[in-house]
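A short worksheet on the structure shown next.
The values are calculated or read from the model by the stated rules, or taken from the named source; none is laboratory data. Quick caveat: nothing in here was measured; it's all calculated off a predicted structure. Because the Cβ atoms are built from the backbone with ideal geometry, glycine has one as well, and the counts that use them run over all protein chains shown.
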Amino acid sequence: MRLEIRTDPPSEVIFGPADFGLLAARHRKVAVVTDRNLEKLYGGRWREELKKAGLPELLFAFEPGEAHKTPRTLEEIWDFLARSGLTRSDAVLAAGGGIVSDVAGFAAATFLRGVACYNLPTTLLAMVDAAVGGKTGVNLPQGKNLAGCFAQPRAVWADLGFLDTLPEAEWQNGLGEIVKYGCIASEALFERLSRPDWREELSQIVFDCLCIKQEVVEADLLDGGLRQLLNFGHTLGHAIEKESDFTLPHGAAVGIGMVLITRFSEEKGLTEPGTAAKIEAMLSSFGMPTSFPESREKLFAAAASDKKRRGDRFTLALISRIGHGFLQEFDREELA
Ligand code: GLY
């Protein structure tokens with residue numbers, strides 16, 4: 001199963017294990033970039049795959065976690081690529097979760113002014129979102145993702161085998177984003193998730209999410225409009241993550257953000273009544289939280305100072321009902 005993403009240059013999502021033979025047919029050297037936890041789990045396998053394909057065994061692993069998504073890690077990756085003698089016709093394989101695809105993708109996009117990058121997401125979140133669509137970057141002391149660029153991966157392998165050993169917090173991260181896709185674009189996906197046997201349909205669910213992402217990315221690659229729909233629940237979600245001192249997984253915070261923002265838009269008469277309750281019930285069925293102890297006023301005020309604010313106007317992703325997202329501008333005052 002394949003999904004072509006018609007961007008320039010084009011990208012594709014291939015369902016199944018990474019094809020090291022294809023990498024070897026296209027490149028003389030491929031550097032696997034991952035984090036140290038994943039290196040322990042899969043480093044041996046990836047080195048073996050490189051060797052079997054006739055490629056040199058190049059693998060660089062950095063410290064895991066958001067705290068290491070920094071310019072310093074970027075510099076370490078550049079240093080490894082330079083010492084390994086990568087040329088313009090070589091490639092990086094970013095193997096890991098969203099942090100890995102962000103930082104390794106940025107390193108690939110900037111090393112020698114850009115070498116090819118392939119993504120091998122190992123988490124549900126990265127599979128349905130972060131690894132697809134070409135957003136790359138690192139954090140700065142002043143905030144998340146403040147330095148980065150858009151650079152499409154040549155290909156992304158969605159290998160559901162990685163999900164067999166996924167920890168609970170990582171399932172919540174992925175499910176938060178999957179519920180989001182249902183909310184903004186597909187009532188059918190939302191209903192599929194409400195079935196007790198949804199795990200048996202996981203590959204179809206991942207495929208449905210990627211079809212939505214494909215459509216959004218093709219229509220608005222550079223995030224000037226429609227793509228902001230993918231931020232549904234995220235503006236408040238980021239504020240909640242921060243208030244929780246990052247103890248709450250991103251997906252869980254986004255889930256609470258979706259409930260709160262939908263209650264707000266119901267109050268404004270912009271959303272069919274009962275929609276927030278449907279999202280709440282869905283998240284509860286996954287054992288995810290639906291509320292946060294901090295006052296709503298404080299969270300909205302924190303969200304109003306979010307970096308995506310444009311002057312005193314603020315664009316929010318909302319839904320009119322399940323499956324129907326839209327963007328609406330608000331005054332900062334109104335929100336705060
Ligand atoms: N993760 C949101 C986006 O790709 O735009």
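Consider the range 141-167 and keep the residues that are farther than 29 Å from ARG2 by Cβ and in contact (Cβ under 8 Å) with a residue 60 or more places away in the chain. The one that is nearest to the ligand (Cβ to nearest atom) is LYS144.
Is it the case that GLY225 is within 21 Å of the chain's Cα centre (by Cα) and farther than 29 Å from ALA147 by Cβ? Criteria not met by GLY225.
All of VAL128, VAL115 fail the test of being surrounded by 24 or more Cβ atoms within 10 Å (Cβ to Cβ) and within 30 Å of HIS27 (Cα to Cα), apart from VAL128. Taking the criterion of being more than 19 Å from GLY251 (Cβ to Cβ), within 11 Å of the ligand (Cβ to nearest atom) and assigned to a helix (DSSP H, G or I), the residues of the range 214-226 that qualify are VAL217, LEU226.
Against the numbered list (1) assigned to a helix (DSSP H, G or I); (2) in contact with a strand residue (DSSP E or B) (Cβ under 6 Å, 6 or more places away or on another chain), ALA301 comes up short only at (2). Kindly indicate whether PRO71 is touching a strand residue (DSSP E or B) at 6+ places or on another chain (Cβ under 6 Å), surrounded by fewer than 16 Cβ atoms within 10 Å (Cβ to Cβ) and more than 30 Å from LEU202 (Cα to Cα). Answer is yes for this residue. For the range 258-273, the count of residues that are under 24 Å from ARG199 (Cβ atoms), within 16 Å of the ligand (Cβ to nearest atom) and in a helix (DSSP H, G or I) is nonzero.
Put simply, of GLU66, GLU49, GLU39 the only residue that is in contact with a helix residue (DSSP H, G or I) (Cβ under 8 Å, 6 or more places away or on another chain), acidic (Asp, Glu) and at pLDDT 95 or above is GLU49.
Of all residues in the range 274-284, none are among the aliphatic types (A, V, I, L, M), crowded, with 21+ Cβ neighbours inside 10 Å, within 16 Å of the ligand (Cβ to nearest atom) and part of a helix (DSSP H, G or I). Set side by side, the residues VAL128, VAL138 differ, and just one is over 19 Å from GLY224 (Cα atoms) and within 12 Å of the ligand (Cβ to nearest atom), which is VAL128. Taken over the range 28-71, the criterion of being over 19 Å from PHE106 (Cα atoms), over 25 Å from the mean Cα position of the chain (by Cα) and in contact (Cβ under 8 Å) with a residue 24 or more places away in the chain is satisfied by ARG28, GLU49, LEU50, LYS52, ALA53, GLY54, LEU55, PRO56. For the range 270-280, indicate whether the set of residues that are modelled with pLDDT of 95 or more, farther than 15 Å from GLY182 by Cα and among the acidic types (Asp, Glu) is non-empty. The answer is yes; a qualifying residue exists.
In this structure, THR123 does satisfy being at pLDDT 95 or above and either closer than 18 Å to TRP46 by Cβ or more than 15 Å from the ligand (Cβ to nearest atom) (or both).
Does at least one position in the range 170-183 carry a residue that is away from the ligand (no atom under 13 Å from the Cβ), part of a strand (DSSP E or B) and of a type outside the set (S, T, N, Q)? Looking for residues that are away from the ligand (no atom under 13 Å from the Cβ), part of a strand (DSSP E or B) and of a type outside the set (S, T, N, Q), one finds none in the range 170-183, hence no. For beta carbons closer than 9 Å, sequence separation of 6+ or different chains, a first residue in the range 225-252 that is basic (Lys, Arg) and a second that is more than 16 Å from the ligand (Cβ to nearest atom), the qualifying pairs are LYS242/ALA302.
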